[in-house]
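Everything below concerns the one structure shown next.
The values are calculated or read from the model by the stated rules, or taken from the named source; none is laboratory data. The shown structure was predicted, so the numbers you read here are calculated from the model rather than taken from an experiment. Please note: Cβ atoms are built from the backbone with ideal geometry, for glycine as well, and neighbour counts cover all protein chains shown.
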Amino acid sequence: METAIECKVDGMTCGNCALTITNYLSKQGAKNAVANASTGDVSFTIEDETKVDSLFAGIEGLGYKIKADTHADELSHSSMKPLLITAILFWIPLMAHMFSNWAPLHNPFVQLILTLPVYGIGVYYFGVSAIRSLRNGIPNMDVLVFIGSSAAFFYSIIGWYLHPEHAHEYLFFETTASIITLVLAGNFLEEYSVRSTASSIKDLMKYQKTKAKIIFTDSIGKETIQEIDNEFVKVNDVLQVNTGDKIPVDGEIIVGKGMLDESMMIGESLPVLKSISENVIGGTILHEGSIRMKAIAVGSGTALANIIKLVNQAQASKPAMQRLADKISAIFVPTVIAIAILTYVVNHYYLQLSVETSIMRSIAVLVISCPCAMGLATPAAVMVGLGRAARNGILIKGGDTLEKFKDIKQFVFDKTGTLTTGKLIIDTFSSTLSDDEFKAIVVSLEQHSSHPIAKSILANWTIENTISFTNIEEEKGIGIHASDLENNIWTIGSYRILEEKTDEKRHDLYLLKNKLLVGWIDLKDELREGTKEVIATLNNEGYKTILLSGDRKEKCERIASELNIQEVYSEFLPHEKMQQLDALMAISPTAMVGDGINDAPSLAKATIGISLSDATHIAMQSANVILLKNNLSNLPMAIGLGKHTFMTIKQNLFWAFFYNVIAIPVAAAGLLTPTWGAAIMGLSDVVLIINSLRLRYKKVG
């Protein structure tokens, strides 16, 4: 029988770390191994439970630490920031010798003293990671960084020792410090993005916490109400919920009725009437009314807790991202080392050169193949792309998101709050009365209600003279009854006011005069600015557009028809959205655009999750992209930036490797000194930066 194991791991800060742990567990016989760098969670199944301790010991042997508290939701503080600050403080004066003639800056001993702390950081940070990746047969960028910085460092020391009178020709301490500092800065930005993504789960857990008014009944039937944290509520406890309160747990109404705002959970834009025997969802808000409910699901069994679980699983199920340079380095690293060894063998044994010369040429190969340009290839393009996006109101979390845009084939949209503003406007109406009389009666009745629909109608229609009514009575969640001066009885409300049994539910509001239907009104969500143009652009560019919502079928189909959206899926619950998204992603890479709590799992699961800045905080944290202008108008630019950033990365990597392909054999033959090699290497960096800066100005969408 297989046993499921879960644990928290400290030190797992990137996709490569997660891949290292996953590969180790798989090699040791564990099944279904999943490591989530965003949250630090590791889970797997194993048949022999006695091996768990040895697996934990093996993970710690890789340089990570198992946390005892598997339920801790606090992220450990990054140790990278003080390392980066320290490296920068020593790197700046070291680079200053290139721009100043001040003698102390050119002193080899001073340069060594300035380099030692930075190189120590490189050994601690990149060296350990390099060893981990080599152990697991996945050489990553850290291997290149460590080899390149070490080669430049020791070449400088050996050259200085052997040729003290020409030491300046052999000093590449600034190269060592530059490699470590610049790549460390890029890794810091990557880790920050990972931690920002992880905070979505913490936000969900905070949203889950609220107060509950629990009702106690003594032996003589006397009731007392005590307010407690909802985490202490038990199944079958009876709770009191008043207007404005958050529903503390999932439950069933046993007394009363009320209007529930479930928009953040199920996507329905209008408050929903709930009465006795109907279920309510923990985390939703009682907009109007007073109810007593019996708890039927608490803790991990609630709908909100299940959404938290879905978000966590969605994040963990994403494949570990390795930069393109990391993949290439799996071949590049052993190749360079082999060339360096071959250089020594050929020069010493076949060309009969001295040991000193042969070693210097071998080390020169490593210096020439220094991965500084390779390390800049991705971060330089990504940082320019992210900067341009931010200036245009697009917040993109991480360079990997930019790269993924090139693969997207279809866009899935939520309706309420995404394609629409969530504000209701009058769509159509019909009446046997004149338009003016119909509007006057409706407005005069609705001004006696505080229901959201009533407020929307009053915001849409204004009249000069209202009609006087008597015997005004509002039946919560159903409608308003009133009499005019001629004793006519007017009723306005939902389809529930129709006394005859009927399937007529097509309209949002009905008006009756003496129990006879005299008119109806349909409301619709107001479309966000620019939505039609964006959907048209996506359709014209060959993307498939899909509407996936928890709202009613009629409303979804009406919006889809108006916007020319190609496919419609309506009345879907959060877990059903996830299932449908899985099916769509099995066809092709998919971007999801949403705004509510119910969209958080889908945003995390999708190839790219996109949210608006007035969305729920949880949706924003789960998304990879946030459109800060609260509309979809910048979506085409985000797509274009993603495609052009990836194109720039490929161009940068080509030039970085082209330099190595040309320079390495020249250095191995002794025709290129390290001094010129460093100069050319610096020039290659300039070329990459200039190429990346083109992203600021070129037309992308």
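Numbers below:
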item: Residue ID - surrounded by the fewest Cβ atoms within 10 Å (Cβ to Cβ), chosen from residues in region 278-318 that are polar (S, T, N, Q) and either assigned to a helix (DSSP H, G or I) or modelled with pLDDT of 85 or more (or both); result: SER300
item: When residues of region 111-128 are limited to those that are without any contact (Cβ under 8 Å) to a residue 40 or more places away in the chain and not aliphatic (A, V, I, L, M), the one farthest from ILE88 (Cα to Cα); result: GLY127
item: Tally of residues being in a helix (DSSP H, G or I) and surrounded by fewer than 20 Cβ atoms within 10 Å (Cβ to Cβ) across region 405-421; result: 2
item: Within region 87-114, tally of residues that are in a helix (DSSP H, G or I), surrounded by fewer than 16 Cβ atoms within 10 Å (Cβ to Cβ) and either under 35 Å from the mean Cα position of the chain (by Cα) or among the small types (Gly, Ala, Ser) (or both); result: 5
item: Among the candidates ARG528, ARG558, residue that is charged (D, E, K, R) and over 28 Å from the mean Cα position of the chain (by Cα); result: ARG558
item: ILE608 vs. criteria of a type outside the set (Gly, Ala, Ser) and in contact with a helix residue (DSSP H, G or I) (Cβ under 7 Å, 6 or more places away or on another chain); result: yes
item: In region 481-496, residue modelled with the highest pLDDT [restricted to those that are surrounded by 17 or more Cβ atoms within 10 Å (Cβ to Cβ) and under 45 Å from the mean Cα position of the chain (by Cα)]; result: ILE492
item: Qualifying positions in region 509-554 - at pLDDT 90 or above, assigned to a loop (DSSP other than H, G, I, E, B) and buried (at least 17 other Cβ atoms within 10 Å of the Cβ); result: TYR543
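Yes/no per residue for (1) modelled with pLDDT under 85; (2) surrounded by 24 or more Cβ atoms within 10 Å (Cβ to Cβ); (3) not in a helix (DSSP H, G or I):
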residue: LEU581; (1), (2), (3): no, yes, no
residue: ALA591; (1), (2), (3): no, yes, yes
residue: ASP599; (1), (2), (3): yes, yes, no
residue: SER602; (1), (2), (3): yes, yes, no
residue: ILE626; (1), (2), (3): yes, no, yes
residue: LYS629; (1), (2), (3): yes, no, yes
